[in-house]
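What follows is a set of notes on a single structure, which appears directly below.
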Amino acid sequence: MSDQSPTPVGDQSPTPGEDTSAEPAAPAIQLLPDVDPDKIPIRIHDMTIAYHRKPVLWDVDLDVPEGKLVGIVGPNGAGKSTMILAIMNLVPKASGWARIYGKPYEEMRRIVGYVPQRESVDWDFPISAHEVVTMGRYGHVGWFRRPSRQDKQIASEALDKVGMAEYADRQISQLSGGQQQRVFLARALAQDAKVYLMDEPFAGVDAATEAAIIDILMELRAQGKTILVVHHDLQTVTRYFDWVIMLNTRVVASGPTEEVFNDTTLNKTYGGRLTVLSQAAQAVQDYETGRA
Amino acid sequence: MFDFLSVLHLEDATVRMVLFGSLLIGATGGALGSFAVLRGRSLMGDALAHAALPGVALAFLWTGSKSLPVLITGATCTGIIGVLLIQFITSRTRIKADAAIGIVLTVFFGVGIVLLTHIQRSLVGNQAGLDKFLFGQAASMVEDDVRVMLVMSLFIFVVVLILYKEFKALIFDPNFLQSLGYSLQKVDLALMGLIVLTVMVGLQAVGVVLIAAMLITPAVAARFWTERLHVMVALAAVIGGVSGATGTFLSAQAPRVPTGPVMVLVATGLFIVSALFAPRRGVLARWLRQRANVLRERRHHLLRALIELAERAGKAGPFSTQELMDELGWERRRVKREAKRLRRLDMVTLAHHGVEATPAGLAEGTFVVKCHRLWEHYLVYRDILAADHVDRPADEVEHLLTPDILERLEEILRRDHGIDTDRVVDIHGSGSGYRPAGRERGEEVG
């Protein structure tokens, strides 16, 4: 955030969350007030998250409709990964909440599948691809117990689904980046969820793997599942996603891709438009470090 | 008949008991060490052990008892205080973990030494015998001690069995484990608790200074042999157990040699053997793999040079060392050495007038050249690279392509681009059969 150039703008609004720029034709942030909350896979309300008092997500209000393939885009440090973690209540919130089908994550985690960033784990760990995928069953297995033969069977099927059956016994560092990402996807499939949260499943994969992954995601969508994907490649957004969330600390846009993904919202997401917020963040940081 | 057992004193119940105790210590150290090392907590184990020393002294001063459970309780208390202090320092200040560990470890150890010295002085001579906690004295174990250690070790192994899946996931992917609803704090606390217990089990025989090595060394040695966590844990337990028992036995051969250092030396010996000779991960295996790659590349280059010279000359050979040197950019010595190596493989014949490929050599050489050239064509036609950029990537790929990949490549180029792949390599014609990639499109080839 602080690396954005402080372009002087006339916006002197005291509330950083307020949208003061020209209104686009369709509302940029589309909520689903008429839908029964129990039918909304992911709803985020008034959520603010800060690390060391530096805001990472600010005043986030979001509804994600059921059965859609949803992309989250935004610059580095926009809070995309944090939002995924926040939906699972894995980071402390300064305010607000996230709900899965109207209930807290803790009650619903069995229907949520998670694909973390590939770089977040040590791939030299002594473990086979099949063992990693079997971890997807741990939520069903529970404390102290061992995965059953059926759990292992489900893991094998998930590996087969992503085209990795022949690599089941490989140690994971002996896989290519794309194959590692497929293993992570297989683990999420083994979770047998209704809502999937995926943190950059396309990062560092080859074209063939990207095509294979998107095929699987579309198949999941066809089964009525909701998939939230942190994505970096703006070129493919309109092709891949029904719904897009554009994020830069606060939500710039959220809605059907063809309605909200345009130059105006892109500029607001990636351009230096959030100067008041950046300035406020910088002021807080300066205060913390004693420079103010 | 030579009585081996009696020479080793193994028929002596005390000796057997002491060896059994050492074996237990090594085995628990190795097993728990695997988790500690993979979790990046091995230095934490070291800090814990050093922080245990003042606890031993304080427990003695307070109770006047030298019984192992009492001393271990004291050691555990200060050990845990030390670990908590490290966590407090790293979470509340900007001091990094290694510095925090360094501070806590040395301060606690210093306090421990001061207390020990005080105890030694106030009692006559060495009566307290607490100095064995510095470098370890396995021989000082009595039956009750071993019994206590056995109970603790069994407890540790049972908990590891029960929480194996949780530990594995905690270390590999904590975020994911947490997303499944497991409490990271609880799993981590359980693992840390077991590490504490493991250190305490070995305190008397190995000593606070070196016990960390019994956590780290067997685990790291075991990692060289396997790519599976459960095998690593079992193997580290075996390596640790062997080091423990052997170290105790060897140190008993000379008077007043502390056990800890000898155990550590044995474990280190096993580590060195593992690091050097383990298949796949070992240094030697890696070196042999690289060496085989280098030799294969040189063989391919020499054969390719022979083919390309033959194409230009319109005859199969022979070609002089000088011609090969010019073609390959190699020194005379290397050309001669590689040519001799190829003769041993029956790929070339050597005569005073030069080097000539045998039918086997021609076949492999033709294959390599074909791989190189067809890959260049492929890169150009697929618009992956410009015609003047394809030589180097093709150079790398030519050593790796397999016959069936080449077959597919030929099929694609023949079908989609009308290239007569049989004429790509032609050592008998006038060399007109081959046109470099990109020529057909009228592009400049550098």
- Query: Do the conditions hold for residue B:196, that is, is it under 29 Å from residue B:109 (Cα atoms) and of a type outside the set (Asp, Glu)?
  - Reply: yes
- Message: If I filter the stretch B:172-192 for residues that are surrounded by 24 or more Cβ atoms within 10 Å (Cβ to Cβ), away from chain A (no Cβ under 14 Å) and at pLDDT 95 or above, do I get at least one hit?
- Response: no
- May I ask you to list the residues in the stretch B:224-240 that are over 20 Å from residue B:52 (Cβ atoms) and either more than 14 Å from every other protein chain (Cβ to nearest Cβ) or surrounded by 24 or more Cβ atoms within 10 Å (Cβ to Cβ) (or both)? B:232, B:233, B:236, B:237, B:238, B:239
- Conditions (1) within 19 Å of residue A:257 (Cβ to Cβ); (2) at pLDDT below 95; (3) touching a Leu at 6+ places or on another chain (Cβ under 8 Å) -> residue A:70 fails only (2)
- Item | Positions within the stretch B:298-320 being assigned to a helix (DSSP H, G or I) and exposed (fewer than 15 other Cβ atoms within 10 Å of the Cβ), in sequence order | B:312, B:313
- Assuming residue A:122 fulfils every condition listed in (1) at pLDDT 95 or above; (2) within 14 Å of another protein chain (Cβ to nearest Cβ) apart from one, which condition is it? (1)
- Going through the stretch A:96-112 in order, the residues found to be at the interface with chain B (Cβ under 9 Å from one of its Cβ atoms) and touching a Phe, Trp or Tyr at 6+ places or on another chain (Cβ under 9 Å) are A:112
- Query: Only one of these conditions is not met by residue A:60: (1) more than 10 Å from every other protein chain (Cβ to nearest Cβ); (2) at negative phi; (3) more than 15 Å from the chain's Cα centre (by Cα). Which number is it?
  - Reply: (3)
- Qualifying positions in the stretch A:73-95 - within 11 Å of the chain's Cα centre (by Cα), more than 28 Å from residue A:263 (Cα to Cα) and more than 13 Å from chain B (Cβ to nearest Cβ): none
- Task: Go through the stretch A:131-142 residue by residue and tally those that are more than 18 Å from residue A:170 (Cα to Cα) and at the interface with chain B (Cβ under 7 Å from one of its Cβ atoms).
- Result: 2
- Task: Kindly establish whether residue A:172 is in contact (Cβ under 8 Å) with a residue 24 or more places away in the chain, crowded, with 21+ Cβ neighbours inside 10 Å and aliphatic (A, V, I, L, M).
- Result: yes
- Scanning the stretch A:89-103 for residues that are part of a loop (DSSP other than H, G, I, E, B) and hydrophobic (A, V, I, L, M, F, W, C), which turns out nearest to residue A:226 (Cα to Cα)? A:90
- Contacts under 6 angstrom Cβ, first residue in the stretch A:234-263 being of a type in the set (Lys, Arg), partner crowded, with 21+ Cβ neighbours inside 10 Å, 6 or more apart: A:250/A:58
- Query: On the given criteria, is residue A:127 facing another protein chain (nearest Cβ under 9 Å) and touching a Leu at 6+ places or on another chain (Cβ under 9 Å)?
  - Reply: yes
- Task: Go through the residues of the stretch B:54-61 one by one and say whether even a single one is part of a helix (DSSP H, G or I), within 29 Å of the chain's Cα centre (by Cα) and surrounded by 19 or more Cβ atoms within 10 Å (Cβ to Cβ).
- Result: no
- From the options B:114, B:159, residue that is within 14 Å of chain A (Cβ to nearest Cβ) and of a type outside the set (Gly, Ala, Ser): B:159
- Query: Among the helices (runs of 4 or more DSSP H) confined wholly to the stretch A:244-292, which include 1 or more residues that are at pLDDT 85 or above and touching a Gly at 6+ places or on another chain (Cβ under 6 Å)?
  - Reply: A:263-270
- Tally, over the stretch B:87-118, of residues that are under 17 Å from residue B:42 (Cβ atoms) and of a type in the set (Lys, Arg): 1
- Query: Restricting to the stretch B:321-336, what's the tally of residues that are touching a Lys or Arg at 6+ places or on another chain (Cβ under 9 Å) and loosely packed, with under 13 Cβ neighbours inside 10 Å?
  - Reply: 1
- Candidate set: the stretch A:98-119, residues that are touching a residue at least 60 places away in the same chain (Cβ under 8 Å) and of a type in the set (Ser, Thr, Tyr); chosen: the one surrounded by the most Cβ atoms within 10 Å (Cβ to Cβ): A:114
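The values are calculated or read from the model by the stated rules, or taken from the named source; none is laboratory data. A quick note: this is a predicted structure, and the numbers were derived from the prediction, not measured. Quick reminder, even Gly has a Cβ in these numbers, built from the backbone with ideal geometry, and neighbours come from all protein chains shown.
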